[in-house]
Amino acid sequence: MNIEERNAKYNAYVEAKMPKTKPWPSLFRSFWVGGVICCLGELIKDLCLYFFPYMTTADAYTWALISLIVLASFFTGIGVFDKIGAYAGAGTIVPITGFSNSIASPALEFKREGLVFGLMSKMFVIAGPVIVTGVVASIIVGIIYLFI
Amino acid sequence: MLNRIGNQTLVFKNKPRVIGSYSVVGPKEGQGNFGKFFHKVLKDDLFGEKSYEAAESKMLLCAINGAIENANINKDNVDALFAGDLMNQIISSSFAARTLEVPYFGLFGACSTMAESLIMGACHVDGGFARYAACATGSHFSSAEKQFRYPLELGTQRPPTSQWTVTGMGCTILGLAEKGISIDYATIGKVVDWDVTDANNMGAAMAPAAMSTLKAHLEDTGKSPDDYDLILTGDLGKLGSEILIDLMEYHGYKLGTNYNDCGQMIYDNTQKTFMGGSGCGCGASILNSYVYTRLLKHELKNVLFIATGALMSTVSSQQGNSIPSIAHAVSISIGGKDV
Amino acid sequence: MFDPIMYLKVFAVGGLVCMIGQILIITTKMTSARILVTFLLIGVALEAFKLFEPIRDFAGAGITVPIVGFGASLAHGAISAGEASGLLGVLTGGLTATAGGIAVAIFAGYVFGLIFSSKTKK
């Protein structure tokens, strides 16, 4: 048996032997936690509109996002967010809370390497790609729209 | 005349013996299955330090000092320290050696370092190059997580094949003595890579290396797996050790109930570690506590300790390389005619 | 405001989006950074094909809270500012529209990073 054949066979064997995540419980958990976080956003928006009747809906949604970002960052700081994340998986990663957590968690982790090269530069190890992708994609879309 | 048999196995004719050992573990490991065997269980894995890296180094220093004390020898008689860890440039070991001020060799064998250091120590003692050799290694969950995976507070799920890096250290002092646990043979492993790329599935990456070394050991010494009371792999985990059993069976060796894996054993099933423990500290802490204790009580007569290591880095993983692995085997025994 | 039917829709759509993320994690072993990038691109695409607004009108926070909404805002900012002031608008529009979220995430991360330290896990 040549080496490539052996390796392919071994990897197929490992793949078959690997324990799998039971999909349904984890799908359900991500569904309900994600749904609740979105509802929380909607609630904050409604509260903003209720207490500040002259606020625009767009601004109210922005406040909702900002509140969720601060909340997620705070829960990261007190060491609770990762526990919710371990339970909910994508339920906390996909909402804006995941973005906030991805900035706050390396900030906490790397502050021991100093403020500049630790906290501030490592803040973007996970969120950096998100911002870069967003900026690049939006500029490309914007330019396409300029020509059509 | 060469002190070796077969292709990869060393024979220690002067019988270097374990004259002292010590293990230090974190709180989670203390709550696991071997809590009562460890010499020291920390309440806080920061160990009074400002960072986990500093805590790791302090724990390793504590294990080495503990073993020297346990051996009841003077530190100045330790002619060589062999130590390694998982941190970049093995800072934990070197920083511990800085404080100790003994002749020092820094080793990197990833999680195989306990066996690697024992082999190097045994060679030095057997060859008359050291009166006493200290062999130490360890790992720390929080520093390893930071270096190899994600920030601790990042909200992600661990994949079901993942293992939990053990916060634990172990140190063995070897020297020549009249009686006690002796190091008889050592089989030096070759780097083996069967093209596993998933860094969350170390057990599968390392199992072929363990198989290669175990097979070489049995062929070189002419022993069969049943000749050992215990064959103990370092940190293959549940999946990896099942794979090893299958691989050995494929090559015509049957591993029975005398086979176990430190990673599989160390944590309680309720501790949510999926495939079990991993890291240098996994094998090191169990060997230096549980295994020696049972050998000294003559509950075990001879043990084959095979520490396995995955020799990749975060850079190599990101560049899509597969995970080369290594395993070293050390044959340890007590009793027999020379006691 | 406070319409229970709306909350039901928010819950269903928001939950569904997250569940799609979980399916991706299980089937492709994607890391969280890749999940975030993927959903952000989905948001940019939805906005580019003018599909985002109808979904938002239907599900409100159910689509704006997921990172999809962040991507859509970036694209919307670039497109609308581009229509108003040409290429310069395209360059400034995306980040202007999302500046609030990014600034707050950085500010909160910095402040909480100073206050708290990461804790070891059990």
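Using only the Cα atoms of chain A, build the gyration tensor, take square roots of its eigenvalues as a ≥ b ≥ c, and label the shape rounded, prolate or oblate: rounded if a/c is under 1.5, else prolate if a/b is larger than b/c, else oblate.
prolate
If the only charges are +1 at each Lys and Arg Cβ and -1 at each Asp and Glu Cβ, what is the size of the charge dipole of chain C around the Cα centre, to the nearest 20 debye?
Values: 8 positive and 5 negative charges, 149 e Å.
Here chain C has a charge dipole of around 720 debye.
Quick check: the distance between the Cα centres of the range A:97-124 and the range C:1-77, to the nearest angstrom?
Result: 25 Å between the Cα centres.
Cross-link partners among lysines for C:Lys9, C-alpha distance below 30 Å, same-chain residues fewer than 8 apart left out?
A:Lys22, A:Lys45, A:Lys83, C:Lys29, C:Lys50
Tell me, C:Phe116, A:Phe110, A:Phe147 in order of fewest to most beta-carbon neighbours within 10 Å?
Lowest to highest Cβ neighbour count: A:Phe147, C:Phe116, A:Phe110.
Would you please classify the overall shape of the protein assembly as shown from the alpha carbon gyration tensor, given that a ≥ b ≥ c denote the square roots of the eigenvalues, rounded means a/c under 1.5, and beyond that prolate means a/b larger than b/c while oblate covers the rest?
The shape class here is prolate.
What is the sum of charges around B:Lys215, taking Lys and Arg as +1, Asp and Glu as -1, for the other residues whose C-beta is under 14 Å from the C-beta of B:Lys215? Don't jump to the answer; show the numbers that get you there.
On the way: positive: B:Lys190, B:Lys223, B:Lys254; negative: B:Glu219, B:Asp220, B:Asp246, B:Glu249.
Residues close to B:Lys215 contribute a combined charge of -1.
Starting from the Cα gyration tensor of chain C, take the square roots of the eigenvalues, sort them a ≥ b ≥ c, and report rounded, prolate or oblate (rounded when a/c is under 1.5, otherwise prolate if a/b is larger than b/c, else oblate).
Since a/c reaches 1.5 but b/c is at least a/b, the shape of chain C is classed as oblate.
Taking the Cα centre of chain B as origin and charging only Cβ (+1 Lys, Arg; -1 Asp, Glu), how large is the dipole, in debye to the nearest 20?
That gives chain B a dipole magnitude of about 540 debye.
Keeping to pairs on different chains or 8 or more places apart, tell me how many lysine pairs in the range B:181-333 have Cα atoms under 14 Å apart.
Taking the Cα cut-off of 14 Å, the pair count is 5.
Please work out the C-alpha center-to-center distance from the range B:120-196 to the range B:262-298 and express it in whole Å.
The range B:120-196 and the range B:262-298 have Cα centres spaced 12 Å from each other.
Which listed residue (C:Ile79, C:Ile42, C:Gly69) has the Cα farthest towards the positive end of the charge dipole for the range C:1-82, taking +1 on Lys and Arg C-beta and -1 on Asp and Glu C-beta about the Cα centre?
C:Ile42
Take each uninterrupted DSSP H stretch in chain B, measure its Cα extent along the helix axis, and return the ones at 24 Å or beyond whose mean Kyte-Doolittle hydropathy is at least 0.0.
B:52-71, B:202-221
Based solely on its DSSP helices, what 222 nm [θ] is calculated for the protein assembly as shown when runs of n ≥ 4 H residues each add -39,500 (n - 2.57) and the sum is averaged over all residues, nearest 500 deg cm²/dmol?
-17500 deg cm²/dmol
Relative contact order for chain B: what percent, with Cα pairs under 8 Å and sequence separation of 6 or more?
25
Output the antiparallel fraction of DSSP beta bridges having both residues in the range B:4-175, as a percent to the nearest 5.
Roughly 60 percent of the beta bridges in the range B:4-175 run antiparallel, per DSSP.
List the residues whose amide H sits under 5 Å from the amide H of B:Ile181, counting only those 5 or more places along or on another chain, with H placed 1.01 Å from N in the peptide plane.
Sorted by chain and number, the residues that satisfy this are B:Val18.
Only four residue types carry charge here, +1 at the Cβ of Lys and Arg and -1 at the Cβ of Asp and Glu. Report the dipole size of the protein assembly as shown about the Cα centre in Debye, rounded to the nearest 20.
In total the dipole reaches around 700 debye.
In the range B:4-175, with Lys and Arg counted as +1 and Asp and Glu as -1 at Cβ, which of these residues, B:Gly66, B:Thr9, B:Leu118, has the Cα nearest the positive end of the dipole, that is, farthest along it?
With unit charges placed on the Cβ atoms, the residue in question is B:Thr9.
The numbers here are math on the coordinates, done by the rules we state, and not lab data. Note that this is a predicted model, so its numbers are computed, not measured. Quick reminder, even Gly has a Cβ in these numbers, built from the backbone with ideal geometry, and neighbours come from all protein chains shown.
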